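J.: Please see the structure below; I have some questions.
The values are calculated or read from the model by the stated rules, or taken from the named source; none is laboratory data. Everything numeric here is computed off the predicted structure, so don't read it as measured data. Backbone-built Cβ (ideal geometry, glycine too); neighbour counts: all protein chains shown. Surface areas here come from the heavy atoms of the whole protein model, side chains and all, with no ligands, DNA or RNA. Shrake-Rupley method; radii C 1.70, N 1.55, O 1.52, S 1.80 Å.
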Amino acid sequence: MGKKGKSKAPSGDKWDHDRHTQRLSKKIDKQKERDGTDTADTHKGVKGYHRSMLLSHDNFEKRQEGRLRLHISKAKREVDALRKRLEAWDDVSERENYKMQREEEEKKRKREEEECAPGFKRKRKGRLGPETWKLRGAARPAWEVYDFDTRYADPHVKAHQEALERAKRSVNAFHVCKGMFGKEIDDEGNKISHSPLMIEICRKFLSLSMQLALLSLEAKKFKSAREILLEIIQLEGTTTLHPITNARCRLMRMYLDANRPESARRLWEKLPTNYSSVWVRYSAALLEFVSWKILKEEGSSQESAEALLVTAIRANLYCAYYISFHETFQQVMEYTDEVEDAADGTLEQAIEYCNSEEMGNWIGTEGAVSWIKNFVVRVLKDSSKDCGVSGLKKEDLEWEEKLATLEREYDEESGKTVQKIEDRQISVVEPREYESDEDVASQHSEVDLLMYIGMFRTGMDMLSDAGEFAR
């Protein structure tokens with residue numbers, strides 16, 4: 001046998017923090033003597049110290065990347081599970097499973113309420129009766145084992161028959177609901193004849209798919225995000241005016257960030273011309289302006305750019321004023337970061353758009369802001385019925401009446417909300433159930449809407465006093 005190696009450290013000595021610090025200090029001293037400098041009084045003087053620290057310990061960015069990968073994996077598993085259910089949707093079995101799930105939740109809720117009650121004492125579980133026993137082997141009754149018994153039912157044959165019946169009832173929700181995925185009512189107001197449970201699961205699938213797409217965007221997996229967003233757009237339908245998700249807007253923003261104008265053009269050409277999302281309409285006008293004015297591409301002209309700009313202005317008037325006089329509105333507008341996922345054609349969506357990266361695209365494009373500003377001022381000063389070939393009238397740029405309409409609608413909705421709360425106070429005994437979370441959230445959003453209306457009106461008054469519209 002070979003000789004055993006002997007450790008230099010004495011027996012019983014352990015490597016601790018003090019010995020590590022002492023050894024590191026000796027290493028630093030040797031480094032100082034070799035370099036002949038006294039400036040390396042910290043760990044910076046040790047060659048490769050920071051590199052070894054980065055390799056041995058995860059920094060904040062690595063930990064964030066790990067968390068993001070876990071979230072993406074979890075979202076993928078949930079989306080795949082829902083996809084499998086929707087591809088073979090059986091309404092009968094799904095209702096049974098949903099009913100059992102609700103019963104289990106109700107039992108759990110009652111048990112938790114009993115446990116939280118004062119003076120509760122946990123009961124000891126007694127021995128279960130023979131009706132709960134699961135017999136195995138020779139202890140099983142004959143009718144479960146032998147086929148000569150008239151009560152015998154072959155479990156394999158029974159499972160096969162149930163599978164055949166389930167296959168006859170099953171439908172592919174992706175084909176049945178395509179173009180109206182997750183909708184209860186179509187654009188014309190007609191009720192869609194799908195089961196409420198299937199509509200709920202379809203909406204859950206859209207929500208999880210959007211989460212997965214946003215996580216992929218954050219992880220810079222643009223190919224996966226693009227595929228998911230395109231699938232959502234196809235499921236919701238390219239002809240619908242009121243999609244459930246904002247997949248179209250997210251895909252348009254991704255194309256602009258990645259400098260893919262041709263893909264963005266194909267996207268907005270698929271959508272209806274009266275679709276009023278500022279993310280699509282104003283982005284289309286900007287890209288057409290770049291194609292005509294800067295790149296001078298064939299097929300693009302001033303008329304085509306102004307036609308897209310007119311479509312954008314009709315979709316959202318407030319955004320045109322905001323982009324044209326962004327310096328004034330940036331001084332007036334506050335709490336703009338609180339606006340998220342606003343509805344199409346609203347003042348909130350214009351504020352969200354003009355305080356995102358898209359405003360940087362307008363400012364960074366040479367002559368784009370001046371172009372839209374001159375166009376708006378020219379229409380305001382024109383006394384004729386239309387403006388060139390565009391057909392945009394001066395009345396189309398009237399903003400005061402639209403703001404007054406928004407305020408009237410707010411007053412009506414707030415009155416209905418108050419009446420609804422008063423009715424609940426009369427009919428419901430428990431005071432904590434008077435208001436739901438949705439009512440509270442809607443009240444906050446309405447209050448914010450009034451605030452933004454006042455700030456927008458202030459900005460327009462400042463521009464009128466400065467004579468910006470008369471130049």
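J.: Can residue 381 be described as modelled with pLDDT under 90 and either under 24 Å from residue 305 (Cβ atoms) or touching a helix residue (DSSP H, G or I) at 6+ places or on another chain (Cβ under 7 Å) (or both)?
T.: Answer is yes for this residue.
J.: I would also like to ask the following. Kindly provide the set of residues from the stretch 349-380 that are among the aliphatic types (A, V, I, L, M) and without any contact (Cβ under 8 Å) to a residue 24 or more places away in the chain, ordered by number.
T.: Once the filter is applied, which keeps residues that are among the aliphatic types (A, V, I, L, M) and without any contact (Cβ under 8 Å) to a residue 24 or more places away in the chain, the stretch 349-380 yields only 379.
J.: When residue 266 is evaluated against the numbered criteria (1) free of Cβ contacts under 8 Å to residues at least 60 places away in the same chain; (2) surrounded by fewer than 15 Cβ atoms within 10 Å (Cβ to Cβ); (3) within 30 Å of residue 462 (Cα to Cα); (4) of a type outside the set (A, V, I, L, M), which criterion, by number, is the only one it fails?
T.: The number of the failed condition is (3).
J.: Select from the stretch 69-93 the residues that are touching a residue at least 40 places away in the same chain (Cβ under 8 Å), within 27 Å of the chain's Cα centre (by Cα) and part of a helix (DSSP H, G or I) and list them in ascending order.
T.: The answer is 69, 71, 72, 75, 76, 78, 79, 82, 83, 85, 86, 87.
J.: While we're here: If you go through the stretch 34-41 one residue at a time, do you hit one that is more than 22 Å from residue 214 (Cα to Cα), part of a helix (DSSP H, G or I), at pLDDT 60 or above and not acidic (Asp, Glu)?
T.: Yes, some residue in the stretch 34-41 is more than 22 Å from residue 214 (Cα to Cα), part of a helix (DSSP H, G or I), at pLDDT 60 or above and not acidic (Asp, Glu).
J.: Quick one: in the stretch 278-294, which of the residues that are small (Gly, Ala, Ser) and surrounded by 24 or more Cβ atoms within 10 Å (Cβ to Cβ) is farthest from residue 342 (Cα to Cα)?
T.: The qualifying residue farthest from residue 342 (Cα to Cα) is 285.
J.: Still on this structure, I have one more. For the stretch 117-140, indicate whether the set of residues that are among the basic types (Lys, Arg) and outside any loop (DSSP other than H, G, I, E, B) is non-empty.
T.: no
J.: Among the β-branched types (Val, Ile, Thr), in contact with a Lys or Arg (Cβ under 7 Å, 6 or more places away or on another chain) and surrounded by fewer than 22 Cβ atoms within 10 Å (Cβ to Cβ) - does that describe any residue in the stretch 243-252?
T.: yes
J.: Give the stretch 360-380 a look and list any residue that's assigned to a helix (DSSP H, G or I) and open to solvent by 10 Å² or more (accessible area, probe 1.4 Å), or say none.
T.: Scanning the stretch 360-380 gives 360, 361, 363, 364, 369, 370, 371, 373, 374, 377, 378, 380.
J.: Another question, if that's okay. Here is a list: 207, 224, 193. Which entry is polar (S, T, N, Q) and assigned to a loop (DSSP other than H, G, I, E, B)?
T.: 193
J.: Restricting to the stretch 99-132, count the residues that are open to solvent by less than 100 Å² (accessible area, probe 1.4 Å) and touching a helix residue (DSSP H, G or I) at 6+ places or on another chain (Cβ under 9 Å).
T.: Of the residues in the stretch 99-132, 1 are open to solvent by less than 100 Å² (accessible area, probe 1.4 Å) and touching a helix residue (DSSP H, G or I) at 6+ places or on another chain (Cβ under 9 Å).
J.: Out of 232, 199, report the one residue that is open to solvent by less than 30 Å² (accessible area, probe 1.4 Å), more than 20 Å from residue 98 (Cα to Cα) and assigned to a helix (DSSP H, G or I).
T.: On inspection, the qualifying residue turns out to be 232.
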